[in-house]
Structure formats: structure tokens, C-alpha cells
Amino acid sequence: MILSKDQICRYMRHILIPEISGQGQRKILDSSAVFFGEDLKDVSLALYYISASGIGQVYCHIANASNWEKLSENLSDLNSDTKIQLLAKEVSEASEVQATTRIISGSLSYVEKTLRSILKTDCREKYIPTIVAVNNGWSGAVQTFINQLELEAFSKELGGYPNLGNINASCCFDNISAYFSSLIAVIEHIKLTLSLGKPLSEALYHDLSAMEFDFVGSSTDLLNKLRSIKVPENSLAALSDFKALIIGCGGLGSPAAYALAASGIGRLGLVDFDDVELSNLNRQIMHSTLRLGMPKVQSAEIFLRQINSNISLDTYYTGISKDNVRDIISSYDIIIGGLDNLPARYILNDACYAAKKPLIEAGALDISGLATSIIPDEGHCYRCIFPESKENSSLPSCSERGVLGLVPGVMGIIQAAEAIKLLTGIGRSLKNRILLFDVFDTDIYVADHAKNRYCELCGK
């Protein structure tokens, strides 16, 4: 038997994807990684998704591993299939551990120091593919190095770059970039494990403050790009002064809620009518096996109070309808949609338009995702993108087509970034733009999308 009955249920959304199937999930379960991280608070989200995905064995070397014990307990409760071990060794010793891949996540100076130590002592005959995720303020990059020579060249470029330690840009909410890049790195691990799509042989650069993405072929060009970023100015208002509402505590709502809670949102509302099921746990990282059968809003509240004990939380154990949606959204400054069906999305879109509430919308299906920011009277609405029609009403859902758990993870972080920018007045949002994400090529494309003047809701 490739998978047990419980594993088939747990990973069903992965198994439904033809490119993964049961055999692919077995390969993921049999895979392993050595994870080097600079700060546990910046890589914890990636470790939750590693556990949820079922990557079998992970050895962690974390420079600042404060609060590891509680995180380790949560990861085991999320998925006991994944064994995650903290290595109390030097970087040089940790680099000798055998694994499918090696992931390094942190600032430029941390990555340079870690690579130098690894390459100095790594004498193994077989090279381990190495995935590097660097972060600098709201920007960063992810690149996969398939052979030793490419990794050595990159390390040499880092080591020879002038004033590397002074490039690191600290700014408000820069944890968002760390979440984003580390999730992309975990996706690269799964792609390599399954020989799925193309690895990131060129660095995927991102600037989440402007939602700009680009492939950069030269290490020098990448470093110059990271060095020349414009750090967003201090926010015009404290995030703790605002109230956000997340409708749906599942695949999209989990990462969005995690990021907003960790970033210091003042009040967070959570709406969901559903209870926690085993099949949720490949992607819904707020929940756990001990909380199976519990209302998702209650499970999410328990989880989020561990992330931020000062946060104010409102829970609504209900679905949204035309009868209740306006009352539910009325007291919040911004709405984040984590819904998985079109009828509910239309209801939410129409209510936000009537109440003039910003709506951050996203979706994920099999190995792709999309996101946009909807600002009433300033840009398109959801109906402009997906007009209500007989064809759209029959679109498949992730329960039918499946979804790689990390895809809603990435899209939920995009939603959180958009919410933070719109609330605090920094950066450029996805208003009148749509972000499209494809796992095969790890490609992120942002396209303009203006309001449809013939839209039955906002075009009148």
C-alpha cells in the first residue's frame, strides 16, 4: 500500500492533482531537507507548511531558535508524518546531514556566511540541490542551485560584493517577505522531489511593496537590484489601530490570519461555518489533529493567540449570506476573502461594494493561484473579472480538482501584504491589477485589469 487510509484522507487535495497523485505524495513523504534559517519567527510559517505537506524528515539549524519547543509541539500536532529536528550543531556539521535538498533562508549576510561555512566543509561525493531564499525589507529572491559549481559561483559573488552587511534593509512588516520567499523555497523542494516543472535556475526576485516580480539571471544583477530597492517609508498609521475581517478560515484564511496576527493587527474577525476535518490539514495550518471536529473559528482563535497574545479576536461560526453579510462586515476596515465558491464570492463582493469596504480577493486551484485588491469606486470589482454566467457557475473547486497546499499559502501571504499596505498607506496595491501564480514555472505575473464599464454592479 502506497498510503494508509488516513494519509489518503489527509493528502486528498494533493492526490487529486494528476501531476502528484498517490505516488507523488509517497515521494514527498519519503523526502527530506536540511533547513538553515536565520530567525525562527521568520521561518516558522514555512515549517508549518513543510509539516502540512508531509515532507518526511526535516533537520533544522536556526541561528535564533527562541520558542522552538512550542513550535515543535504544534508541528507534531499538525502532522505526525513529518519529523522535524532542531540540530544543536555548528553550520559546518549540520551541512553534512544527508537529505533530498538543502534550504537556506535569511538576510544576504546570513546566507553568505552560511554558504561559506557549508562549502568550506562539505566533502560529500553527491551534491545536494540547494535552495536559497534571501530577504531584504519587503524584497527578496529565491533561487535553486542544481550543481556545486553554480552554488560556489553564487557564494563567491556574495563574498566579494562590497559592503554586503550594509545592504540589509530593515523596515516595517518586513517579515512578510520572509514568509513569502521561504514558502517559495518549500515549493521548490516539492518540485525537485517530484521532477515537477522547471526549477528556479534563475533567481525569482520580488518586491511585495509594489507587487513586482522578475527573473534575474546574473548574481551581480540580483545583488544590485536588492541593493537599489526603495524601502517603504514608515507606515502612516499603526496596524494595531485597524480591524480586519477574514471570511473563511481555510487554505487562504490561515496564512493571511497568521501574517496579520504576527504583524500586529489590532482586531481580527474570523468567519467560517465549518468544522476541522483531516482533509483540511494539507493546507490549513491554523488547525491540528487534536482539534478535529472543532469549529474552525474556535481552532483558529486558539492558534492565533499563540502567535499574538495581545490580539483582539471576533469569531463568527456561520457562513455568509445576503441576509447577514452586511452586518458582519460593517465594523471592519478591510475584508479578506478566503472563500472557495463563486456564489459566496459574489455575495461578498456585492456587500463590500455597497458598504465601500476594500476587499482583498484570492483563489487557488491545483497548482495555480490569483489575487487582486478591490477598492469600490476606484477600480474593478470581482464581477468585472468573473461575470456571473452559466459557464462560471460550473467552474471546479479544489475539492474536485485538488490543490497543492502551498499555493493558497502563497496567495494568503499576498492577501496579508495587500491588507497591510492599504491599511497603513505604504507601497502600491493590486488595485486594477491581477496577480497570477503558476507552480510549474514558479512564475508570478501581474497584469492590468481595469473596471468593466458594462459591469452590472460597478459599471453603472
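Assorted remarks:
- Normalised by residue count, the chain yields a Cα convex hull volume of 132 Å³ per residue.
- Seen against the Cα atoms of the chain and their longest principal axis, helix 253-263 is set at about 70 degrees.
- Using 0.36 nm per residue and subtracting the Cα-Cα separation, the extra length available between residue 83 and residue 153 on full extension is 21.9 nm.
- In the chain the longest region clear of chymotrypsin sites (Phe, Trp or Tyr not before Pro) that are loop-assigned by DSSP and have at most 15 other C-beta atoms within 10 Å covers 128-272.
- DSSP-defined antiparallel bridges as percent of all bridges, region 31-228, nearest 5: 45
- Computed per residue of the chain from DSSP H runs no shorter than four, each worth -39500 (n - 2.57), the mean residue ellipticity at 222 nm is -11500 deg cm²/dmol.
- Once the Cβ-Cβ distance of residue 21 and residue 438 is raised to the sixth power relative to R0 = 22 Å, the FRET efficiency obtained is 0.65.
- Compared with the dominant principal axis of the Cα atoms in the chain, helix 296-307 is inclined by about 50°.
- Folded to 0 to 90 degrees: helix 342-355 orientation relative to the chain principal axis, Cα: 70
- Amide H contacts under 5 Å for residue 62, placed H, 5+ residues apart: 37, 87
- Pair residue 279, residue 330: separation of 7 Å Cα→Cβ label points (nm): 3.7
- Using a Förster distance of 22 Å, the FRET efficiency for residue 69-residue 92 (Cβ separation, nearest 0.05): 0.30
- Pairs spanning more than 32 Å between alpha-carbon atoms, out of 5/41; 225/421; 70/113; 296/322; 198/322; 70/126: 5/41; 198/322; 70/126.
- Prolate/oblate/rounded label for region 31-228 (Cα gyration tensor, a/c 1.5): rounded
- Length gained when the stretch residue 289-residue 109 is fully extended (0.36 nm per residue, less Cα-Cα span): 61.0 nm
- Beta bridges assigned by DSSP with both partners in the chain are antiparallel in approximately 45 percent of cases.
- Column: log10 I(q)/I(0), Debye, Cα scatterers of region 239-448, q = 0.09 Å⁻¹: -0.30
- Sparse-neighbour loop sites [GluC sites (Glu not before Pro); region 54-125; at most 14 other C-beta within 10 Å; DSSP]: 90, 96, 125
- Distance between region 83-138 and region 1-75 - C-alpha centres, whole angstrom: 18
A short reminder: the numbers here are calculations on the coordinates, not readings from a lab. Small disclaimer: the values here were computed from a predicted structure and weren't measured. Neighbour counts run over all protein chains shown; Cβ positions are idealised from the backbone, glycine included.
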